[in-house]
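Undergrad: One structure is given below, represented as structure tokens, and several questions about it will come after.
The values are calculated or read from the model by the stated rules, or taken from the named source; none is laboratory data. Note that the structure is predicted; figures quoted are calculated from it, not measured. Cβ placement follows ideal geometry from the backbone for every residue including glycine, while neighbour counts extend to all protein chains displayed.
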Amino acid sequence: MHEWSIAEGIVTALLESFKDQKIIEVEVRVGELRDLNIDVLKEALSILSKDSGLEETRFNIVVSKAFFKCLNCGEEWGMNKALEILNEMLEIENYIVEEGELEPPVHFIPSLIIGYQKCPKCKKVDIEIISGKELEISKVYLGDES
């Protein structure tokens with residue numbers, strides 16, 4: 001579970017960057033292509049914060065939607081359209097059975113979706129991910145040390 005190592009990195013970065021400061025709230029931005037279980041990440045942050053000076057810190061996880069752009073014609077689209085394109089391109093025999101359900105490979109590795117994309121407008125495959133891969137501490141709110 002890489003959520004725990006990510007949470008450990010977040011806690012460590014906060015403690016090193018804001019020594020002797022009270023951190024009230026932290027916003028962590030996670031792209032939907034990151035393949036992270038948000039509930040596990042929240043639990044890991046909560047547990048790893050205990051006895052660290054961050055036990056009262058609120059962690060807000062914000063999920064960034066994925067958007068794609070065609071570098072040929074400039075067309076932009078989101079995840080719903082990307083999944084439609086994926087379903088058109090993938091043969092059913094490439095799907096994987098998990099808990100009795102057929103799942104496309106990108107269910108397990110969401111960043112693979114770029115390899116299955118073509119522009120919905122011009123059909124070219126020169127695609128860029130505009131957003132959806134973020135993993136960052138985007139805001140830190142500090143309180144008074146009284």
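Undergrad: Please determine whether any residue of region 25-35 is small (G, A, S), out of contact with any helix residue (DSSP H, G or I) (no Cβ under 6 Å at 6 or more places or on another chain), more than 20 Å from Y141 (Cα to Cα) and modelled with pLDDT under 95.
TA: yes
Undergrad: Shifting gears a bit: Look at L41 and say whether it is touching a His at 6+ places or on another chain (Cβ under 8 Å) and either small (G, A, S) or closer than 30 Å to I85 by Cβ (or both).
TA: In short, no.
Undergrad: Any residue at all in region 63-81 that is at pLDDT below 85, surrounded by 14 or more Cβ atoms within 10 Å (Cβ to Cβ) and in contact with a Phe, Trp or Tyr (Cβ under 8 Å, 6 or more places away or on another chain)?
TA: No, because not a single residue in region 63-81 is at pLDDT below 85, surrounded by 14 or more Cβ atoms within 10 Å (Cβ to Cβ) and in contact with a Phe, Trp or Tyr (Cβ under 8 Å, 6 or more places away or on another chain).
Undergrad: Also, quick follow-up: Name every residue in region 124-137 that is surrounded by fewer than 14 Cβ atoms within 10 Å (Cβ to Cβ) and assigned to a strand (DSSP E or B), in order of residue number.
TA: E128, E136
Undergrad: Let me spell it out: the conditions are (1) in contact (Cβ under 8 Å) with a residue 24 or more places away in the chain; (2) touching a helix residue (DSSP H, G or I) at 6+ places or on another chain (Cβ under 9 Å); (3) acidic (D, E), and E76 meets all of them except one. Which number is the exception?
TA: (2)
Undergrad: Considering region 117-146 alone, what residues qualify as being in contact with a Gly (Cβ under 6 Å, 6 or more places away or on another chain) and charged (D, E, K, R)?
TA: Result: K133, E134.
Undergrad: Let me ask something else about it. I'm trying to understand the selection: among the residues of region 99-123, which are modelled with pLDDT of 65 or more, outside any helix (DSSP H, G or I), surrounded by 14 or more Cβ atoms within 10 Å (Cβ to Cβ) and of a type outside the set (S, T, N, Q)?
TA: K118, C119, P120
Undergrad: Across region 50-61, what is the number of residues that are surrounded by 13 or more Cβ atoms within 10 Å (Cβ to Cβ) and either assigned to a strand (DSSP E or B) or at negative phi (or both)?
TA: 5
Undergrad: Please count how many residues of region 16-45 are over 16 Å from the mean Cα position of the chain (by Cα), surrounded by 15 or more Cβ atoms within 10 Å (Cβ to Cβ) and either assigned to a helix (DSSP H, G or I) or among the basic types (K, R) (or both).
TA: Count: 1.
Undergrad: Counting only residues that are surrounded by 13 or more Cβ atoms within 10 Å (Cβ to Cβ) and either part of a loop (DSSP other than H, G, I, E, B) or modelled with pLDDT of 95 or more (or both), how many does region 82-95 have?
TA: Qualifying residue count, region 82-95: 2.
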